[in-house]
Every structure is written in C-alpha cells, then in structure tokens.
Amino acid sequence: MTGDGADRTPGAAIDPPSWFSSGAAVSDPGIDEQFEREWPDCWERAGDLLDWERPYETAFRGGDTPPFEWFPGGRLNASVNCLDRHLPERKNQRALVWEGQLDGGRSYTYLELYREVNALAAGLRDLGVEEGDVVTIYLPMVPELPAAMLACARLGAVHNVVFAGFSADALAERMERADSGFLVTCDGYYRRGDAIAQKNKADNARLAVDRDVDVVVLDHLGQGVHLGEGYHDYCELIDAHEGAEVESVARDAADPLFRIYTSGTTGEPRGVTHTTGGYLAHVAWTAQSVLDIRPEDTHWCAADIGWITGHSYVVYGPLALGTTTVLSAGTADHPERDRLWKLIDRHAVDVFYTAPTAIRAFMKWGAEHPERHDLSSLRLLGTVGEPIDERAWHWYRDHIGGGECPIVDTWWQTETGAILVSTLPGVDAMKPGAAGKPLPGIEAEVVGPTGEPIDPGERGELVITRPWPGMPTALADGTDWGERATTERDGWRYYPEDAATIDDEGYVTFLGRTDEAVNVAGRRFSTMELESTIVGVPGVAEAAVVGADHETTGTAIYAYVAPEHGAEEADLRERVRDAVEDAVGSVAVPEAVVFTPDLPKTRSGKIMRRLLEDVANDEDLGDTSALRNPEIVGELQSRTPN
Ligand code: WT7
C-alpha cells in the first residue's frame, strides 16, 4: 500500500490511492457519462446483480410524472437473493458474524443462516403469516433479527422492524399504523453489562394494540420466559421445523419488502415502504460501487438494524453480494473503549462504516485505543448520517485508516433506501467535509428559494430531479407527499429537506435539515413530536424543542419549558424526561431541560424557535425587537447550560 496523505489543506481534493483504485469494484472514470448516456438502461447494471425468477422487461418504465416502475415484469425473492443463490459457491463461508456483549459471540455460515431462516419461515407460516402480512420485529442486535427479516421476505410478508430502544407506546403506534398482527421479540438483552428487559415493553404494546397479535419470543438471556396465550417460543418454533425448506414466494419488483418508520414533520411517525426489486438492486449496487464490498470481504456497518442504515448495509446489501457481515450488540465503550478496534482486528474487517457522531466520540476517547490493535485489514472507511467535519475526517483516516484508506461520506435517508450522493472510492477524489457528487444515474441539483439552481458555494436546498431504483412505493406511485414531491415546469422533483451547497465540480456539502427535525447521533427526531409529548406532562404550560450543537452527538436536544404556576421544577424535569422516554425512548431524552417563565414569542404569538436555537448555541442574537417579550432573552441565556 502506498500512502498519499500529503495534502492537508482543509477541503482540498485527495485522489483515491492507486492501490485502491486498481482493485476497486468500480474504477472506470467514464462511468458518470456512461450512466448519463444510457439512462435508464444503465440501471440494468444494478438489476443484474440480482437473481430474478422472472426477468424484468426493462430497467425503468415511466414518463415525467409518476407512476414510475422499476424493473417492471420482474419477479424475485429477497431471501433467495441473500441466501439460496450463494449456497453452491459458499455454503460454508460465514454470512454473519455476531458479537454479543456479555453474551459471547456466534457466527452463521450461509448454509446455517439458510437453515435458520427456513425453519423460522416454516414456523411463521404455521402461525398464519401469509404473503403481504406485516410482521413487526422488535429485537436488539442479535442474529435472529436478520434471520426474522429474511424469513418474512421468504414468505413474501412485509417486515416492520422497530428499534429495540423504542418504548412500548412507540412500538404499539407503529404496529397499529402498519396493521400488524404478528410480533417477533425477545425476553431482554445486555447493554453496558446490564440486562435490559424487552418483553414487558412488548407485552404492554400488545395490550395497547387493537387487534389480536401473535408474539414469538426469543429467550435470548436464557433464563426462561413465561409465555401466555398467543405467545410462542422462538426456539421451539425453530426446533419443530428443523430441516424444513420453505418454497420462496416470488414477488413483483414493486411489491413491498418492508416498512420502516421515520419522523415526519407532523409529529407523527411516517411509514416508508420499500420495494423488493428496486430497493434490493439499488442497495446491492451501492454496496458494490460505493462500499466496494466483495464476497470474500468482511464488512462491518456499525449501525443498528432498527434504522434504515442497518437494513440496507448490515443486512440486504452485504448478504445480496454474498459477503460476511458483522453484527455487534452493545456499545463501543464497553467493556473498554477499544471494543470496536479489537473486533476489527479479531475478524480482519475490510470495510468499516459508521456515523460521524461515533467518530467524534472516538476522538475524545483518544488514539491510544485504536493504536493498541492491528487495523491493517481495513481497506475502506465510510460515514453516514450527518455531515462530517474535516477534523473528524482526518482523525478517522489517520487513526483508523492508517493514513491510507479512502473514506466515503455517503448521503442518503430512510426515504431514499440507499446511497444517492457520495464519491465512488475507486474513481473520485475525496474532499473532506463534502459528501460528493450525485452517484452515476442519480440526478440532483442545489436550488434556491425559487427552485432555480444556485451558484456554486451558495446555500440552497438539495433536490432530486429523477427517479431512482430504491425510491419508496409512495413516491413511485405518485401518492401525495405534500410539498416534498412535486411536478413542476421542469418535471418531477423530490425534496429531501436538506440544506446544501454545491461546488463547481458538482460536490455537495450538506448543511443540516430544513424541516423541523433534529438529527441526534445520526438519528432523526421531530421537534413537534417531542414538544407534543412534553406539553402533555401535567405542570407544563408550553414547550419548545431545539437542536444545540454538541461535541459528540452533532446535535443535542434542548427543551425549553414554561411550567404552570406553582409547579416544582426538579420534579417536573424528571417527569419531562420520563415522558419522552415513554413516548419515544431514551435516545430522545433531552440533554437539557431549561425552565423559563415564558418562551420568546413574536407579536402574533408564534414561538421563535430560531432565537432559542441561537441561545442554545450561545450565538449572537442580533435584533430581538420583533419579540413581544424581549425581556425574556437575558433570562433564557442565563438559564441555558453552555
Ligand atoms: C438525514 C436522513 C441514511 C442514513 C441515516 C439517517 C442526514 C444522512 C448524511 C451525510 C450529511 C447526512 C440528512 C438526511 N444525513 N447522511 N453523509 N452528510 N447529512 O437516516 O434518519 O432517514 O436521516 O440524515 O439530513 O436527510 P435518516
């Protein structure tokens, strides 16, 4: 390997090292023009990474407006693509390496995972799961989670994975909305050495859901679980169907593979449904072209499967390509702060993919932790979820990537299903701080308030101007998405609601969201959802939630709360935190709950969130004369912890 870390001018382009380009899955510098020339047929390159039970007629069918059809006529099964088709060549290769925390580790070869998935699919079918049914999966990072996803896929059922850290209420709401009559969960799991109960949250959700629900419970902690009426033991189900081979259900390319919920602007979770053909093709293609994953690799995407990143790049992308994927439970700092580096060393990980928030935590913990381990197996590093600053970028490359590994900064979202903006690591120069260009075949612009492209360097908003294979069903069908998907004079557009700048080479730098969302540690929460939870707490008169810059998590949640007269503050603070934990989960509990006699308001009575954001970030407030209650500003500043 040859180093090329010479250029340290912040933001300056760094060419991909030649040792990397020469072996990269995609290294043809003409790929952008080729995709442009051949659009939409260029997407056959993605479609042809999959095995189709019935071939598709064409990569794309559609005009300037929806409906858009990806791989029409094609029929396929996602579990066949992730398992069956790899058996002839790699049945004894590891598909999945699992690292528990207190609970040891385990790995599954492709054959073992195939067997587990088939036995579980047979069990679920016995319980009545049929094609098109929605199965909710509420599991932490255990191997049974991807197994359950693939078992659903095998039956043509739609999985609905709910992040294990979400509360019973959040789970119940997502089950109701998805009209899901099946739930797969577990007794509990370990986190930082503590056993966390999971089943009682599932029990409460089941009681709250307005229909009969069959529940499959994995006894993960191995302490025995009490199973009442309507409950089934995961292991018994598997054992009863050991050796079963379940015929896979072929699905149309546009049929749903899964549902996932993300924060909407209305304060309610928004369901996003991804397709079987378009999604899987897009995920497999980007896993190959951007993450450079090959079958002989060990790939580690450190995201939780409860979020889209885990769906796409822990489960579907790597398994579709027949690689070894690493799944790790627990946290990066337990039992020691070198846990990740120890595991990279132990499993000779080739590609490592994580969020900038994690990288900033590693920086804080110090380079001595990675230095204790041999990380030379790494070939490529990736980041996702939020902008990465240059300092963190260089730290990542120097201390994890040995000063040599290329880094891909991948921009995408729950709605896009797979990566849309990044560099191709074997082709493009990297610019620390900028994510990269729209990938080949993806067309996007940065536009100003009137929707016209703006000059390089000016702040605007990203807009995607052509359909992409991983688009969700609602965008493909033309279901109303409010202002986010429009057909204007120049045709169809999708607004991801991300502020951005673009440079004269087409590299996009992301500047945060334009909607009422805060992105904490790469996870998106709606301020409205949090506010409505907080104002529901007895004793709270009014509340406003803003994001404050945070050294580690990028953004932290600050809740400004105006209590009702006579409310006891210490007590109220606890109740606010508990309410958020119950409604959403501990991940969304505010970093700071600031009490104030009043919130800053305009003369028409609107809460000035922008001003609160500036207060939370200790920024210059400028002119506050538009406020009805300017006297509150000093009060807010003195009470805000910064
Ligand atoms: C939002 C999507 C898809 C992965 C995880 C989050 C922000 C995502 C980047 C990046 C700057 C990024 C955007 C996006 N985001 N990746 N590389 N650089 N910002 O999924 O919860 O759907 O959030 O995360 O604001 O819209 P999500």
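The values are calculated or read from the model by the stated rules, or taken from the named source; none is laboratory data. Note that the structure is a prediction, hence the values are computed from the model and not measured. Cβ atoms come from the backbone with ideal geometry, glycine included; neighbour counts cover every protein chain shown. Accessible surface areas use protein heavy atoms only, side chains included; no ligands, DNA or RNA. Shrake-Rupley method; radii C 1.70, N 1.55, O 1.52, S 1.80 Å.
Before moving on, here are some points about what is shown:
- Fraction of accessible area attributable to carbon and sulfur, the stretch 110-249 (%, probe 1.4 Å): 40 percent
- Using 0.36 nm per residue and subtracting the Cα-Cα separation, the extra length available between H334 and E236 on full extension is 32.1 nm.
- If the Kirkwood radius is taken over C-alpha pairs of the stretch 516-639, then at 10 °C and 1.306 mPa s the Stokes-Einstein diffusion coefficient equals 109 µm²/s.
- Surrounding net charge for V349, when Lys and Arg each add one and Asp and Glu each subtract one, Cβ distance under 15 Å: -2
- In the chain, helices alone account for a calculated mean residue ellipticity at 222 nm of -7500 deg cm²/dmol, with every DSSP H run of four or more residues adding -39,500 (n - 2.57).
- Alpha-carbon centroids, the stretch 478-497 and the stretch 269-285: separation in whole Å: 19 Å
- Value in Å of the Kirkwood radius, where the stretch 97-245 supplies the Cα pairs that are averaged: 15.3 Å
- Heavy atoms of the protein chains alone define the surface here; on that basis the stretch 516-639 has 46 Å² accessible area per residue at 1.4 Å probe size.
- Accessible-area ranking of K364, K601, K342, largest first, probe 1.4 Å: K364, K342, K601
- Cross-link pairs beyond the 31 Å C-alpha cut-off, checked among K342/K431; K201/K601; K91/K342: K201/K601
- The Cα center of the stretch 11-36 and the Cα center of the stretch 229-251 differ in position by 45 Å.
- Computed from label points 7 Å out along Cα-Cβ, the spacing between H373 and H565 is 5.9 nm.
- Share of pairwise Cα separations in the stretch 260-393, more than 25 Å, in percent: 30 percent
- Surrounding net charge for P72, when Lys and Arg each add one and Asp and Glu each subtract one, Cβ distance under 15 Å: -4
- FRET efficiency for the pair N629 and R459, taken as 1/(1 + (r/R0)^6) with r the Cβ-Cβ distance and R0 = 30 Å, rounds to 0.50.
- Using 0.36 nm per residue and subtracting the Cα-Cα separation, the extra length available between S638 and D64 on full extension is 201.2 nm.
- Measuring spread by the Cα atoms of the chain yields a radius of gyration and Dmax of 24.3, 74 Å.
- Between the stretch 314-357 and the stretch 506-548, the alpha-carbon centres lie 29 Å apart.
- Accessible area of M363 (1.4 Å probe, protein heavy atoms only, ligands and nucleic acids ignored): about 40 Å².
- In order along the stretch 215-227, the Karplus-derived 3J(HN,Hα) couplings, from 6.51 cos²θ - 1.76 cosθ + 1.60 at θ = phi - 60°, round to 10, 9, 10, 8, 7, 6, 7, x, 9, x, 10, 7, 10 Hz, and Gly and Pro are given as x.
- Per-residue accessible area (protein heavy atoms, 1.4 Å probe) orders H232, H86 as H232, H86, starting from the largest.
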